[in-house]
Ligand code: NAD
Ligand code: GLY
């Protein structure tokens, strides 16, 4: 088992990574449980089918009991009505302030459940057991929680750190190939913004060695989050590809694309915009395209990217006639730049002509 620590002054917590850890999840979460040893777990129907037995046995072995809230799967359930449904279940289960809520699942479950835990009785303890590659490399770490509104992605949310993150890469064995590809987009993001070495490894194609990749992504993310928990500076770099990606998700009604697929398209657009504006080294967009394609991800937005512009205005990072775009100077190095909608429009028109 490997252990990383998110070194936040007041909300320090560990990330445990290792094959088979789901079987010991009960032991790991026990220190955070209420005295009656009863926890609430929030999961989705697919995850419950894949992980119920192991999760439930690990809790019995640790002398804990649980009540499970099993939600339908899918991004459209990261919504206000689903949040209200969770609150209703918490009330019926008499979840009290000393309670522990465990998110067992992907980023949708983690984001929704984290927001519910952050706001129920002004905050109850929360732990993450991520079961998608995307959640294991990114969303379970760092404490961003949210629900979507019809107006845009993640518009209602909080920063609320978990007490513990338990990552068991063996849970990925039941994850559909499309979800693995979606998670790889976030892995490629880490290489693109921060680690030329990781990017080089990814250039050799899919390896199946998820433990190493997960460890490297969580290491990068935990260091960044420890320095900038509230997304006021360095953490913004983790949004590379996300401004356009969120616009693509919204444009398609949160149905057509997996989050990582939209981020892959968004990263390609951002790299292209950067190159067109002379801010990104020539060739970077092509390197990014090659790696994304190698890992089974599409790189060409099938519509006209100009249609994404209206969605950018409701992005959390927009204001003053523009939006803060994350751009690459080269592979492994990123920066934030306030970019006007006129500049973005011009760059997208140039890209379409090229
Ligand atoms: P997801 O939670 O919808 O999971 C994808 C699918 O995989 C679902 O159908 C789920 O039921 C299934 N699944 C999960 N684990 C499984 C397993 N082990 N075996 C079989 N099936 C399994 O999607 P996701 O890609 O994990 O997360 C996407 C969400 O994460 C988006 O809403 C995105 O905004 C959010 N996100 C949040 C952060 C953050 O920092 N909080 C970062 C990145 C992304
Ligand atoms: N996924 C971006 C962040 O956590 O900041």
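The values are calculated or read from the model by the stated rules, or taken from the named source; none is laboratory data. Keep in mind the model is a prediction, meaning the values are calculated, not measured. Cβ: placed from backbone, ideal geometry, glycine included. Neighbour counts: every protein chain shown.
Okay, residues lined up against (1) at pLDDT 95 or above; (2) at positive phi; (3) part of a helix (DSSP H, G or I); (4) more than 9 Å from ligand 1 (Cβ to nearest atom):
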| site | (1), (2), (3), (4) |
| --- | --- |
| 138 | yes, no, yes, no |
| 141 | yes, no, no, no |
| 165 | yes, no, no, yes |
| 178 | yes, no, yes, no |
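State whether the residues of the range 98-113 include one that is more than 15 Å from the chain's Cα centre (by Cα) and farther than 25 Å from residue 13 by Cα.
no
Could you grab me the full set of residues in the range 212-237 that are touching a strand residue (DSSP E or B) at 6+ places or on another chain (Cβ under 7 Å), over 12 Å from residue 15 (Cβ atoms) and either away from ligand 1 (no atom under 15 Å from the Cβ) or outside any helix (DSSP H, G or I) (or both)? Can you show your working first?
Step one: list which residues in the range 212-237 are touching a strand residue (DSSP E or B) at 6+ places or on another chain (Cβ under 7 Å), which gives 214-215, 218-219, 222, 225-226, 229-230, 236-237.
Cutting the leftovers down to over 12 Å from residue 15 (Cβ atoms) gives us 229-230, 236-237.
Within the range 212-237, 229, 230 meet the criteria.
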Hey, can you tell me all the residues within the range 87-114 that are surrounded by fewer than 24 Cβ atoms within 10 Å (Cβ to Cβ) and more than 23 Å from residue 21 (Cα to Cα)?
-> 87, 88, 89, 90, 91, 92, 93, 94, 96, 97, 98
Exactly one of 278, 283 is away from ligand 2 (no atom under 14 Å from the Cβ), under 25 Å from residue 340 (Cβ atoms), modelled with pLDDT of 95 or more and surrounded by fewer than 17 Cβ atoms within 10 Å (Cβ to Cβ), and that one is 278
Taking the condition in contact with a helix residue (DSSP H, G or I) (Cβ under 7 Å, 6 or more places away or on another chain), in contact (Cβ under 8 Å) with a residue 12 or more places away in the chain and within 16 Å of ligand 2 (Cβ to nearest atom), does residue 135 pass?
-> yes
Restricted to the range 34-64, and to residues that are touching a helix residue (DSSP H, G or I) at 6+ places or on another chain (Cβ under 9 Å) and assigned to a loop (DSSP other than H, G, I, E, B), which residue is nearest to residue 99 (Cα to Cα)?
-> 37
Within the range 28-63, residues farther than 19 Å from residue 126 by Cβ and either surrounded by 14 or more Cβ atoms within 10 Å (Cβ to Cβ) or over 26 Å from the mean Cα position of the chain (by Cα) (or both) come out as 46, 50, 52, 54, 56, 57, 60, 61, 63
Residue set 273, 248, 326; condition in contact with a helix residue (DSSP H, G or I) (Cβ under 6 Å, 6 or more places away or on another chain) and under 22 Å from residue 143 (Cβ atoms); output residue 326
